[in-house]
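Worksheet: the structure to be examined is printed underneath.
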Amino acid sequence: DMGGHDTYMHKEIHEQADAVDRVLRGRIDDRFSTVHLGGLNLDAREARQIRRVKILGCGTSYHAGLIGAQMIEELARIPADAEPASEFRYRNAVVDPDTLYIAVSQSGETYDVLAAVQELKRKGARVLGVVNVVGSAIAREADGGIYVHAGPEVCVVSTKCFTNTTVAFALLALHLGRTRDLSVRDGKRIIEGLRKLPGQIASVMEQEAEIEKLAQQYAEARSMLFIGRVRGYPVAREASLKLKEVSYIHAEAYPASELKHGPLALIEPALPTVAIVPDDDLLEKNRAAMEEIKARSGKILAVAHQHEEKADQTIVVPKNEDELDPILMGIPLQLLAYHTALALGRDIDKPRNLAKSVTVE
Ligand code: F6R
């Protein structure tokens with residue numbers, strides 16, 4: 001049942017305010033400015049002993065993991081990174097007992113992720129799952145974890161599960177932070193930010209008509225470049241994946257800081273750039289990157305917290321706490337990918353060559 005939408009992708013994009021409400025529900029503890037995650041199976045002493053966090057997932061879930069790793073570093077000050085599970089399982093990685101491993105999967109059935117979890121457990125590691133489908137293989141195999149409660153996702157291309165997974169990571173980062181050195185004051189600040197998300201998502205949805213107009217222009221592009229820096233970079237990567245999956249337009253994501261080390265050579269009027277430009281301590285650096293592109297006659301669409309002079313067009317998203325900004329900044333680009341694919345007449349819910357869950361090697 002598509003509930004009045006023409007595709008599941010459209011329906012699922014529009015379900016995100018409610019979905020985020022669900023992942024937050026019953027978990028916030030205002031008294032101690034933290035969150036309770038019932039299924040984690042990790043007591044405070046164990047949480048304090050973690051020396052590193054390694055997040056494993058594939059595709060969109062890997063990108064959610066990149067955002068999660070940054071949140072964990074920022075809020076809990078634990079070194080964290082994400083890696084495609086499909087790579088990790090083949091490289092005979094060093095498995096370290098003081099590292100917390102986290103497997104991320106919407107379906108909970110992705111074979112590369114499951115195999116990585118099994119290999120880790122065989123070597124005695126502690127593995128948590130961040131999963132949408134309750135009772136799925138990865139959820140059962142993990143030592144504990146967080147359900148992201150996005151509800152069923154039917155479209156092959158992931159949207160609401162991505163967003164809810166990033167929120168689940170914010171909850172985990174806050175929880176780990178508050179068992180370590182995150183102050184009550186910062187805990188409160190993050191909780192207030194989390195509570196704002198559903199309303200802010202709803203306000204992004206109100207811009208759909210304008211985003212649709214932009215998409216009609218971008219549908220003519222043969223290739224697009226997505227750039228971001230630190231918090232914006234995983235957002236750029238996910239937006240690039242979404243566009244290519246659903247519209248079949250070639251897209252590439254690059255850290256804005258790496259432009260001058262190669263990709264500037266590509267810039268010309270026919271290669272549009274989407275720049276993720278949060279209003280944080282790197283704003284001026286990102287503006288300088290846009291300047292470099294403009295100087296070479298590149299067209300720029302900015303996703304930012306205010307109108308950006310250097311860009312040809314700006315999609316303005318509501319500002320949240322700096323650490324939580326990545327959660328919202330990708331959402332208008334889901335709509336951009338959707339409307340670009342629609343303009344091109346693509347099979348939106350079932351892109352060619354893709355399957356919803358990849359249960360083979
Ligand atoms: C992208 C997409 C895929 C999946 C990937 C992992 O829109 O849907 O990249 O994210 O195959 O799937 P899960 O999260 O089910 O493990």
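For region 97-110, which positions are within 9 Å of the ligand (Cβ to nearest atom), surrounded by fewer than 24 Cβ atoms within 10 Å (Cβ to Cβ) and among the hydroxyl-bearing types (Ser, Thr, Tyr)?
If the condition is that a residue be within 9 Å of the ligand (Cβ to nearest atom), surrounded by fewer than 24 Cβ atoms within 10 Å (Cβ to Cβ) and among the hydroxyl-bearing types (Ser, Thr, Tyr), then Ser107 is the only one that fits.
Would a scan of region 86-96 turn up a residue that is more than 18 Å from the chain's Cα centre (by Cα), surrounded by fewer than 18 Cβ atoms within 10 Å (Cβ to Cβ) and within 21 Å of Arg48 (Cβ to Cβ)?
The answer is yes; a qualifying residue exists.
Name the single residue, out of those in region 202-252 being in contact with an Asp or Glu (Cβ under 9 Å, 6 or more places away or on another chain) and assigned to a loop (DSSP other than H, G, I, E, B), that is most open to solvent (accessible area, probe 1.4 Å).
Among residues in region 202-252 that are in contact with an Asp or Glu (Cβ under 9 Å, 6 or more places away or on another chain) and assigned to a loop (DSSP other than H, G, I, E, B), the one most open to solvent (accessible area, probe 1.4 Å) is Val230.
Within region 111-120, take every residue that is open to solvent by 10 Å² or more (accessible area, probe 1.4 Å) and either assigned to a loop (DSSP other than H, G, I, E, B) or hydrophobic (A, V, I, L, M, F, W, C) (or both) and give me the one that is farthest from the ligand (Cβ to nearest atom).
Start the filter on region 111-120 by keeping residues that are open to solvent by 10 Å² or more (accessible area, probe 1.4 Å), which leaves 111-112, 114-115, 118-119.
In the following step, the residues that additionally are either assigned to a loop (DSSP other than H, G, I, E, B) or hydrophobic (A, V, I, L, M, F, W, C) (or both) were identified as 114-115.
Details: Leu114: 9, Ala115: 12 Å.
For region 111-120, the residue satisfying everything is Ala115.
Restricting attention to region 210-217, does a residue exist that is over 17 Å from Pro326 (Cα atoms) and among the β-branched types (Val, Ile, Thr)?
Yes, region 210-217 has at least one match.
I'm trying to understand the selection: among the residues of region 25-53, which are under 21 Å from Pro79 (Cβ atoms) and in a strand (DSSP E or B)?
Once the filter is applied, which keeps residues that are under 21 Å from Pro79 (Cβ atoms) and in a strand (DSSP E or B), region 25-53 yields Arg52, Val53.
So, in region 22-37, of the ones that are under 24 Å from Cys161 (Cα atoms) and in contact with a Lys or Arg (Cβ under 7 Å, 6 or more places away or on another chain), which residue ends up nearest to the ligand (Cβ to nearest atom)?
Leu37
Among the residues of region 38-67, which ones are open to solvent by less than 30 Å² (accessible area, probe 1.4 Å), more than 16 Å from the ligand (Cβ to nearest atom) and either of a type in the set (Gly, Ala, Ser) or over 18 Å from Gln106 (Cα atoms) (or both)?
Selection gives Leu42, Ala47, Ile50, Val53.
Please find, within region 121-164, the residue that is farthest from the chain's Cα centre (by Cα) out of those that are buried (at least 22 other Cβ atoms within 10 Å of the Cβ) and within 8 Å of the ligand (Cβ to nearest atom).
Ile138
Residues checked against (1) touching a residue at least 24 places away in the same chain (Cβ under 8 Å); (2) over 15 Å from the mean Cα position of the chain (by Cα); (3) more than 12 Å from the ligand (Cβ to nearest atom):
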| position | (1), (2), (3) |
| --- | --- |
| Asn320 | yes, yes, yes |
| Leu324 | yes, no, yes |
| Leu328 | yes, no, yes |
| Ile331 | yes, no, yes |
| His339 | yes, yes, yes |
| Asp347 | no, yes, yes |
| Lys356 | yes, yes, no |
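Please identify the pairs in which a residue from region 266-283 that is under 13 Å from Val235 (Cβ atoms) and open to solvent by less than 10 Å² (accessible area, probe 1.4 Å) has its Cβ atom under 9 Å from the Cβ atom of a residue that is among the polar types (S, T, N, Q) and part of a strand (DSSP E or B), counting only partners at least 6 apart or on another chain.
What qualifies is Val277/Thr314.
Can you tell which of Ala337, Ala341, Ala289 is farther than 20 Å from Lys11 by Cα, of a type in the set (Gly, Ala, Ser) and surrounded by 23 or more Cβ atoms within 10 Å (Cβ to Cβ)?
Numbers: Ala337 fails: farther than 20 Å from Lys11 by Cα; Ala341 fails: farther than 20 Å from Lys11 by Cα.
Checking each option against the conditions leaves just Ala289.
The values are calculated or read from the model by the stated rules, or taken from the named source; none is laboratory data. Quick caveat, the model's predicted, so the values are computed rather than measured. All Cβ positions, glycine included, derive from the backbone under ideal geometry; neighbour counts span all protein chains shown. Surface areas here come from the heavy atoms of the whole protein model, side chains and all, with no ligands, DNA or RNA. Shrake-Rupley method; radii C 1.70, N 1.55, O 1.52, S 1.80 Å.
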